[in-house]
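Shown next, in structure tokens, is the structure this report addresses.
The values are calculated or read from the model by the stated rules, or taken from the named source; none is laboratory data. Source: prediction; values computed, not measured. When we count neighbours, we look across all protein chains shown, and the Cβ atoms used for this are built from the backbone with ideal geometry, even at glycine.
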Amino acid sequence: MSVKAKKHLGQHFLTDESIAEKIADSLSLKGYKHVLEIGPGMGVLTKYLLKKDITTHVIEIDTESVEYLKANYLNLADRVIEQDFLKYDITQVFGEQPFAIIGNYPYNISSQIVFKTLEMRDQIPEFSGMFQKEVAQRICSKEGSKVYGILSVLTQAFYDAEYLFTVPPSVFNPPPKVDSGVLLLTRKENYSLPCDETLFFKVVKQGFQQRRKTLRNSLKTFNLSDNLKANVIFGKRPEQLSVEEFITLTQLIENDTQE
Ligand code: SAH
């Protein structure tokens, strides 16, 4: 018995054992005792995680995959969570303990997985795994790059992002239409920002709404003083600003609205 791939769940099963092992080995296993694998499917990655000195939980939305995992990995059975990762409150499993996240992720919800991770960053020191190559590159890209955007700035505000390697479609069943990319996110030692974090998220998201426009234009809705809008930073486009500059920008806006 094996699981029939379902398109609407983004199921592309990895068939190359050495790549699966390489992904599992990407975690440092330092600073936590638990790892959560998202979307284990038939467990190609899971079996390498189970060899490690760490407790592995898996969360899988597909009932057929869950049955397969429970039947084939007997000692994993009570750590298989049959839930939608995006909707499930994972603190029911881990409480306040730290855990790492890993997976060959369902590509149709990759950005949402990253955003949920960012929300839970206090508990997630490390995150690795495979996305569509463009998404992995975007997360890791720096200012000035064409693909630099919301996901890059928000992720890199809290994590060091490293693109590890590219994986071709041929090692999946069924093969996806695109290349895949594996990345590693390591939470920064000091990951609390020296500015209002809620405002930071708003500024970054609003700033990138219209990539080609200057920040003076995109951030109109913030009702900024003319004095502040004359600052050179507002003459720039969002893709020109580093993470640090977005923090500076947030601080400027914070102080402006307080006046
Ligand atoms: N890791 C496996 C499967 C990758 S395909 C492998 O490498 O072969 C992506 C997996 O994510 C599928 O098993 C799919 O059922 C699962 N999935 C899709 N959406 C999900 C969600 N919202 N929550 C949890 N799992 C999900």
**Asked** For residues in the range 1-37 being of a type in the set (Ser, Thr, Tyr) and farther than 27 Å from ASP122 by Cα, which is surrounded by the fewest Cβ atoms within 10 Å (Cβ to Cβ)?
**Response** SER18
**Prompt:** Does LYS47 satisfy the criteria of being more than 19 Å from the chain's Cα centre (by Cα), assigned to a loop (DSSP other than H, G, I, E, B) and in the same structural domain as ASN104 (by TED's automatic domain parsing)?
**Reply:** no
**Prompt:** What single numbered condition from (1) surrounded by fewer than 20 Cβ atoms within 10 Å (Cβ to Cβ); (2) touching a residue at least 40 places away in the same chain (Cβ under 8 Å); (3) among the aliphatic types (A, V, I, L, M) fails to hold for VAL147?
**Reply:** (2)
**Message:** What pairs come out if I take residues in the range 124-137 that are closer than 16 Å to GLY10 by Cα and pair them with residues that are among the hydrophobic types (A, V, I, L, M, F, W, C) whose C-beta lies under 6 Å away, six or more apart or interchain?
**Reply:** GLY129/ILE102; MET130/VAL182; GLN132/VAL178
**Message:** So, in the range 125-152, exactly how many residues are over 18 Å from PRO169 (Cα atoms), of a type outside the set (D, E, K, R) and either in contact with a Leu (Cβ under 7 Å, 6 or more places away or on another chain) or within 16 Å of the ligand (Cβ to nearest atom) (or both)?
**Reply:** 4
**Request:** Confirm whether VAL182 is within 20 Å of LYS116 (Cα to Cα), in contact (Cβ under 8 Å) with a residue 40 or more places away in the chain and assigned to a helix (DSSP H, G or I).
**Result:** no
**Request:** Report, ordered by the first and then the second residue, all pairs with beta carbons closer than 8 Å, sequence separation of six or more or different chains, a first member in the range 158-174 that is in a helix (DSSP H, G or I), and a second member that is of a type in the set (S, T, N, Q).
**Result:** PRO169/SER180; VAL171/THR15
